[in-house]
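No value in this document is a laboratory result; all are computed from the given coordinates. What you are looking at is a predicted structure, and each value in this text was computed from that prediction instead of being measured. Cβ: placed from backbone, ideal geometry, glycine included. Neighbour counts: every protein chain shown.
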Amino acid sequence: MDIEQVARVVKLVEGSQLHEVTIANSGQSITVVNNLNQQSATSHVETRPIHKPGNGGSEHSHLCATHVGQVYLSEDDATDNLVNKGDHIQKGQKICFIDELTRLLPVISDKEGIVSDILVEDGHNIEYGQPIFNLEI
């Protein structure tokens, strides 16, 4: 990828309300993350190869937030998390909740796979499109 194109994407993301943008081209992907937790809008660029099925490794994917609010991994404080690391989840399965303006909205999986990592902490703020779980498909 052309470094000038990458620099333009970083500048566009810094000046926008976007949290994360991923661009894939010629077997490489670049993810630009707008760091909203700091006072100044800085970005982090990460380059990694794209895993394709059939090349000997498993494909990785994310399950992302469908709303803005606070993420909850269980229905209430008395129950276990809906999904834990190592769990196999089905497409259409309820995986967590997001509290959006006092409405507890379920997040439903749009993919099937095994949870390889939980990327958020229970009760923390989350942005639309922010990854919640890593999946091995």
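Quick notes on this one:
- Simple spin-label estimate for Glu4 and Ile137 gives 3.4 nm between the two label positions (7 Å along the Cα-to-Cβ direction from each Cα).
- Of the three principal axes defined by the Cα atoms of the stretch 55-137, the extents in descending order read 45, 26, 21 Å.
- If R0 equals 22 Å, the separation of the Cβ atoms of Asp117 and Thr22 corresponds to a calculated FRET efficiency of about 0.80.
- FRET efficiency, 1/(1 + (r/R0)^6) with R0 25 Å, evaluated for His88 and Val68 via beta carbons: 0.30
- As a calculated quantity, the FRET efficiency between Arg103 and Glu59 at R0 = 25 Å, using C-beta atoms, amounts to about 0.15.
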